[in-house]
Structures are given as C-alpha cells and as structure tokens.
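Laboratory data are not the source of any read-out in this text; all were calculated from the coordinates shown. Here the structure is a predicted model, which is why all the values come from computation and not from measurement. Cβ: placed from backbone, ideal geometry, glycine included. Neighbour counts: every protein chain shown.
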Amino acid sequence: MKTKSQLGSVTLSRKAFAKLEKMLKENDSRNYLNKQEKELLEGSKKFDKYVASIANGK
Amino acid sequence: MENKKILGFLPFNDETAVGVDFKYKQEDEEILNFFKNKALKCQREHVSRCFELKESEGIVGYLALSLCSINARKLKNPKNIGLFERPAIRIGQLIIDETKRGQGYGKCAINFVISIVRMMKWYLPCRLLVVDALNEKAQTFYEKAGFQMMEDRTLVFDLAPMLKQ
C-alpha cells in the first residue's frame, strides 16, 4: 500500500471535522478496546523495546 | 506477517541507499522518489522522520512520519482558531516492495507508529494518526486496520482508547 506525499496540515470540511469530533467524543467515553485496537495494541508492544532503542540512539 | 520474521525500522542516515533492488510499480515512482531525493533533507530539517523497513532478506519498504494539524476549513473567525484543530501524526509516506505486499508489513508499520505514540504520550500527547490514501487499495488497507474515513480518502485513527490502557 502507499500513501500520498504530503507533509502539511490536513484540512477537512466542517462536516468532516464534525464527524471527527463526534468520533473523539465517543471514544473519550469508551473504556474498552475493540478487536482491531486490541490487535494493534498487542502488535505495537512488540516494538516497544525497539522504539526505545532508537530513541536512545542504539 | 509471520511472527518469526523480525522487522526492523532503521532511521535514514547519510548512508541510506534507497531503491537498490526495490520492486515497485510505475505509479509508485513518486513515492520512491520522495525517499530517494527528499527524505533525508526533510529529516535533517526535522520535518519528518524516515525509516527503512528491513527484514532478513533486505529492505521491504520505507516509511515517513511527520507531525501535522487536522483542522476545519473556512475558519474565518480568529476566535475559532485552535478550537477546530487537532494535532496528529501523519503517516506521510509508506511504500512496501511490490513482491512483499500482503504479508503484513504495512500492519507492522502501523504497530511501530503506535508504539512511538504510546512512548510519546508521557511527554507530548497525540491521539490521532492520519493518512491520505492514494488509491482504493490503500484505503481498504487502512480501513481494515481500523482507520475511519473522514473525506476524500483522508483516514484517521483515534488512539485515545488505547492510550488509556
């Protein structure tokens, strides 16, 4: 897969931004992880030591 | 990707040689050219951080990350500035070798980014990942990973529930 070449800010329409805010509000009140989030969280933990070592310049 | 495989993310440096034996489609040339010609400059200027995705057989992809702001269009009233903005980490460029696609490397890249955000949260909070998918295939990939489509192939992933854990 690939992504677009952009480094600047992301500008959304007011409607899309409202959709984003709604999602954030819902997630703020949610105290559990869905299946995708659980998988990603577990997957990310495998890189924790690696990420720390990069930060330490190793 | 099989867990037995070890994928490393090597930060770009002066000796990084992009594109040697890297298989890509013509339509991906622009992305590869970014890594060949601009990535190191962007990194030196602290605009983005670029990584080679390396496994035992060699380089399987490239990843560029940067910080950005997601904002709402037409903020004419200065009072609104700041109220309609959200900081985010942008997956600016991600390309996987043509012969290595569908093997989980892209998902590993997202895992890697999430690990960075989880580490960052103690110093700089940032709950959103944002990506502009270039085509339908990329869009499907990010949606399967849990990103939500906002508009025009701009997808967002909210890490807040994860950051509470």
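Miscellaneous remarks
- Region B:49-165: radius of gyration over Cα atoms, expressed as a fraction of 2.2 N^0.38 Å: 1.15
- Spacing of the two label points (7 Å from each Cα toward its C-beta) at B:M119 and B:A160, in nm: 2.6
- This ranking places B:T140, A:T11, B:T154 by how few other beta-carbon atoms lie within 10 Å of each, fewest first, which gives B:T140, A:T11, B:T154.
- On the beta carbon distance between B:Q103 and A:A55, with R0 = 22 Å, the FRET formula returns roughly 0.20.
- Order of B:I95, A:I54 under a 10 Å beta carbon neighbour criterion, fewest first: A:I54, B:I95
- The packing ranking, built from the mean of other Cβ atoms within 10 Å per residue, places the peptides B:36-47, B:51-62, B:9-20 in the order B:51-62, B:36-47, B:9-20, highest first.
- Selected from B:C50, B:I89, B:F35, residue furthest toward positive end of dipole (chain B; charges at beta carbon): B:I89
- Using the Cβ-Cβ distance between A:E42 and A:E21 with R0 set to 30 Å, the FRET efficiency works out to roughly 0.60.
- Distance violations [Cα-Cα > 29 Å] among B:K38/B:K164; B:K41/B:K121; A:K38/B:K25; A:K19/B:K38: B:K38/B:K164; A:K38/B:K25; A:K19/B:K38
- Per residue of chain B, the DSSP helices (runs of n ≥ 4 H) give a summed -39500 (n - 2.57) that works out to -6500 deg cm²/dmol at 222 nm.
- A simple count of charges around B:K121, restricted to other residues whose Cβ falls under 12 Å of its Cβ and scoring Lys, Arg +1 and Asp, Glu -1, yields +3.
- Diagonalising the gyration tensor over the Cα atoms of the protein assembly as shown and scaling each eigenvalue by 5 before taking the square root yields semi-axes of 28, 20, 17 Å, largest first.
- Here the protein assembly as shown is assigned +1 on the Cβ of each Lys and Arg and -1 on the Cβ of each Asp and Glu. Its dipole about the Cα centre then comes out at about 840 debye.
- Fluctuation leader among B:N33, B:N71, B:N111 - chain B, Gaussian network, Cα springs under 10 angstrom: B:N71
- Of B:Q93, B:Q26, B:Q148, the one that fluctuates the most in a GNM where chain B has Cα springs shorter than 10 Å: B:Q26
- Whole-Hz couplings from phi, Karplus 6.51/-1.76/1.60, listed for region B:156-165; x for Gly and Pro: 10, 10, 9, 8, 3, x, 5, 6, 7, 6
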